[in-house]
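Novice: Submitted below is the structure of interest, expressed as structure tokens.
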Amino acid sequence: MSEYNFQILVCGGTGCKASESEEIRSSFVNLLNEYGLEEEVQVVLTDCFGFCEKGPIVKMMPDKTVYVRVKPSDADEIIKEHIVKGNQVERLLYRDPVTGTVVRDRQHMEFYKKQIRIALRNCGFINPEEIDEYIAHDGYMALGTCLTEMKPMEVIEQIKKSGLRGRGGGGFPTGLKWEITAKVPGDQKYVVCNVDEGDPGAFMDRSILEGDPHTVIEAMIINGYCTGASKGLVYIRAEYPLAISRLKIALAQARAYGLLGDDILGSGFNFDIEIRYGAGAFVCGEETALIHSMEGCRGEPTFKPPFPSVSGYLGKPTNVNNVETYANIPVIINKGADWFASIGTEKSKGTKVFALAGKINNVGLIEVPLGTTLREVIYDIGGGIRGGKKFKAVQTGGPSGGMLTAEFLDTPIDYDNLLAAGSMMGSGGMIVMDEDDCMVAIAKFYLGFTVEESCGKCAPCRIGNKRLHEILERITDGKGEIQDLDRLFMLSNVIKDASLCGLGQTSPNPVLSSLKYFRQEYEAHVKASHCPAGQCKALVRYEVIEDKCTGCTLCFRNCPVGAITGEKREVHFIDQSLCIKCGVCFEKCKFGAILVS
Amino acid sequence: MSKITSVADLKKKKEQVQLNLGLRENSDAADTHVQIRVGMATCGIASGARETMNFLVEETRHQAIDAVITQTGCMGFCYAEPTVEITLPGKEPVVFGHVDKTKAREIIDRFIIKGELADGIIPVNFKTIDEY
């Protein structure tokens, strides 16, 4: 095989590229050539290690030593000491921030791994269309343990002890929910899996179902055993065709093995699962609306209590959990409640999956222990803000959440801290915004979404959100007045207090949090007709800077509405009455001759 | 498929598939086969994972490389799709990002055949449940 005795892995992630990883690589390569070691040592540029704060990271193979904050000038010492003499370069080793001790042994060289994959443990490892691969990775073992060695209440005790809370957003203790459903008397009970994932930019549940459908099936059977339900229903959006097809394959395979059906694993317990399709209404992620939709009624929420655990699908006790919640269950049984509870914070145990999106370098799906800070998520795992721009805010919890500003970067992420900060955990969408994002426009975007998705049953949500959206539209059009800010605040609070379900009760959050943290931006819009981020088109003006214009005609030729006039090699002119503020002239101009104001 | 009717059955099944999949040291498959997994969730497929997979299948067959190529779910590196994980016999898995046909060819020629690394490796940046 390989002729190389050593391999030097240089982090070339976008975050580290800013800190000279190309130079580091070339200084290694040049020096190796100089010393005649190029046949023995290979230098490779990798993607992000996920610990950008200490970047650039260099990993030595095969001994796995990791060096942090490496500079191009360190290459010589690393080659001479590490490769030639076999000594680690002490000063470049990672120092534990708490104890101050240097990490030098192989066993602890994985300190840069900030993620733990529990819910995503099989995603990207097993073939989701092969039940055997799931079984090879302890699949259905937890079910076996529950059915043959534990009583239903013992299983529930374990779930309670683990501290697992609902991963769909609300954070209700999962064990307690199971216990309530179990204790309600009923001849027929139901177990439901909520796959109505609707937050813009969120795809945690889809990924789990596409990558590991059996984990959800296994957990639903365990849930059925605990609560006394013999029937499971998966409510999934029809717009997730791949997830649906893999789930169908998984269900068929589980039935063929007898893991679904009658007398599962010889225990006498019967359980089967059906799929129900949703048409993609956001409100159907709310459990009562979801249940009505499954019953064939309009997807509208109803007042709680009664909770679905008491009276749910067809009026029977129904336990509704989200995909990610279920994905944790088999691990809790296999590894133990204490193991699970050792991860996370005091009141929020385990890990949370986040879909990182927006103005961030490493867009992707991550799973971190609860209690990880936003800074670690955004700057280390996420590789920082795209284009080296300044962080402005992050929206967690989708349209129901709020914006968290730079002052919360060091807040440990858990259910309670996010609520206290005016946002919420939500299902795990995390949208990162930079200095170019207008907070009023973002709030308007989310309100536009809520207005579309409101089911219309109660007036505060149906009418109130519409009015909120209109006010925001007025402000971004430059027609707002200062009193609008008070109107927004008052109306938001009315909607929160008076709406029937979670959708309306949380929909004003983007407005309230942006008003709280970015009031000066609202004021700039209404007082000075100025959008500080330059995003609100009605408030932006494109003009030609006469001194800089060379008359190259590039803007004239690219303007889609013919608003630009001018002769070759003469100063051009933008007709403001025709301009649609698309910004093409600004992008195309090679001389910086377009002024945005 | 024969039914699994007891926990003992399930355990037997687990051992048997672990051997077949090369997850055990004494398994034949682990010694001889190159294992290739292509991230085929919605995001991967949208970025061209299916073309990458087809290319890998054709090219390994063409070059008579003993490879088992399967699909898998999302590895989480959306910024680097399509992603491919390759395990050479007896070695630790290596994940590559941005694997289009050109990259796939480079990976076959350099990594699979010669055992050299190639640029674009995605370091494993998470702990598994067994590592924690």
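Novice: Can you tell me which condition A:L176 does not meet? The list is (1) surrounded by fewer than 22 Cβ atoms within 10 Å (Cβ to Cβ); (2) away from every other protein chain (no Cβ under 14 Å); (3) at pLDDT below 95, and all the others hold.
Specialist: (3) is the only condition that A:L176 fails.
Novice: Determine, yes or no, whether B:A118 is touching a helix residue (DSSP H, G or I) at 6+ places or on another chain (Cβ under 6 Å) and in contact (Cβ under 8 Å) with a residue 40 or more places away in the chain.
Specialist: The answer is no for B:A118.
Novice: I would also like to ask the following. Can you tell me which of (1) within 25 Å of A:D436 (Cα to Cα); (2) of a type outside the set (G, A, S); (3) at pLDDT 90 or above is the one A:I564 doesn't meet?
Specialist: Result: A:I564 fails condition (1) only.
Novice: Could you list, in sequence order, the residues of the range B:92-116 that are within 18 Å of B:M75 (Cβ to Cβ) and either hydroxyl-bearing (S, T, Y) or assigned to a loop (DSSP other than H, G, I, E, B) (or both)?
Specialist: Answer for the range B:92-116, where residues must be within 18 Å of B:M75 (Cβ to Cβ) and either hydroxyl-bearing (S, T, Y) or assigned to a loop (DSSP other than H, G, I, E, B) (or both): B:E92, B:P93, B:G97, B:H98, B:V99, B:D100.
Novice: Just for the range A:27-56: of the residues that are closer than 16 Å to B:G120 by Cα and more than 8 Å from every other protein chain (Cβ to nearest Cβ), which one is surrounded by the fewest Cβ atoms within 10 Å (Cβ to Cβ)?
Specialist: A:V43
Novice: Anything in the range A:440-470 that is in contact with a Cys (Cβ under 7 Å, 6 or more places away or on another chain) and surrounded by fewer than 15 Cβ atoms within 10 Å (Cβ to Cβ)? List them, or say none.
Specialist: none
Novice: Considering every residue within the range B:41-60, establish whether at least one is facing chain A (nearest Cβ under 10 Å) and farther than 28 Å from A:I360 by Cα.
Specialist: no
So that you can scan it fast, the table gives a plain yes or no per residue for (1) without any contact (Cβ under 8 Å) to a residue 60 or more places away in the chain; (2) within 31 Å of the chain's Cα centre (by Cα); (3) within 14 Å of chain B (Cβ to nearest Cβ); (4) closer than 29 Å to A:I180 by Cα:
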position: A:S230; (1), (2), (3), (4): yes, no, no, yes
position: A:L233; (1), (2), (3), (4): no, yes, no, yes
position: A:E239; (1), (2), (3), (4): yes, yes, yes, no
position: A:L251; (1), (2), (3), (4): yes, yes, yes, yes
position: A:L259; (1), (2), (3), (4): no, no, yes, yes
position: A:S267; (1), (2), (3), (4): no, no, yes, yes
position: A:R276; (1), (2), (3), (4): yes, yes, no, yes
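Quick grid of which residues meet (1) surrounded by fewer than 24 Cβ atoms within 10 Å (Cβ to Cβ); (2) at pLDDT 95 or above:
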{"site": "A:E300", "(1), (2)": "yes, no"}
{"site": "A:G315", "(1), (2)": "yes, yes"}
{"site": "A:I329", "(1), (2)": "no, yes"}
{"site": "A:N334", "(1), (2)": "yes, yes"}
{"site": "A:F340", "(1), (2)": "no, yes"}
{"site": "A:V353", "(1), (2)": "no, yes"}
{"site": "A:V363", "(1), (2)": "yes, no"}
{"site": "A:I381", "(1), (2)": "no, no"}
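Novice: For the range A:288-307, give me each residue that is under 19 Å from A:G456 (Cβ atoms), in a helix (DSSP H, G or I) and touching a residue at least 24 places away in the same chain (Cβ under 8 Å).
Specialist: Within the range A:288-307, A:T288, A:A289, A:L290, A:I291, A:S293 qualify.
Novice: Is one or more of the residues making up the range A:543-559 outside the structural domain of A:G397 (by TED's automatic domain parsing), surrounded by fewer than 16 Cβ atoms within 10 Å (Cβ to Cβ) and among the aliphatic types (A, V, I, L, M)?
Specialist: Within the range A:543-559, one or more residues are outside the structural domain of A:G397 (by TED's automatic domain parsing), surrounded by fewer than 16 Cβ atoms within 10 Å (Cβ to Cβ) and among the aliphatic types (A, V, I, L, M).
Novice: Quick one: how many residues across the range A:489-548 are touching a His at 6+ places or on another chain (Cβ under 7 Å) and either aromatic (F, W, Y) or closer than 26 Å to A:F408 by Cα (or both)?
Specialist: So the count comes out to 2.
Novice: Give me the pairs: first residue in the range A:198-221 and without any contact (Cβ under 8 Å) to a residue 60 or more places away in the chain and away from every other protein chain (no Cβ under 12 Å), second residue part of a helix (DSSP H, G or I) and of a type outside the set (K, R), beta-carbon distance under 7 Å, and six or more apart or on different chains, which are they?
Specialist: Close Cβ pairs (under 7 Å, with a partner that is part of a helix (DSSP H, G or I) and of a type outside the set (K, R)) amount to A:I217/A:A250; A:I217/A:L251; A:I217/A:A254.
Novice: Right, another one. Within the range A:120-151, count every residue that is hydroxyl-bearing (S, T, Y), at positive phi and more than 7 Å from chain B (Cβ to nearest Cβ).
Specialist: 0
Novice: Next question, about the same structure. Mind checking which residues of the range A:280-329 are aromatic (F, W, Y), in contact with a helix residue (DSSP H, G or I) (Cβ under 7 Å, 6 or more places away or on another chain) and under 26 Å from A:F340 (Cβ atoms)?
Specialist: Once the filter is applied, which keeps residues that are aromatic (F, W, Y), in contact with a helix residue (DSSP H, G or I) (Cβ under 7 Å, 6 or more places away or on another chain) and under 26 Å from A:F340 (Cβ atoms), the range A:280-329 yields only A:Y326.
Novice: Are there any pairs, at least 6 apart or on different chains, whose C-beta atoms fall under 6 Å, with the first in the range B:69-82 and on the phi > 0 side of the Ramachandran plot and facing chain A (nearest Cβ under 7 Å) and the second assigned to a loop (DSSP other than H, G, I, E, B) and among the basic types (K, R), and if so, which?
Specialist: Sorted first by the residue in the range B:69-82, then by its partner, the list stays empty.
The values are calculated or read from the model by the stated rules, or taken from the named source; none is laboratory data. Please read all numbers here as calculations on a predicted model, not as lab measurements. Backbone-built Cβ (ideal geometry, glycine too); neighbour counts: all protein chains shown.
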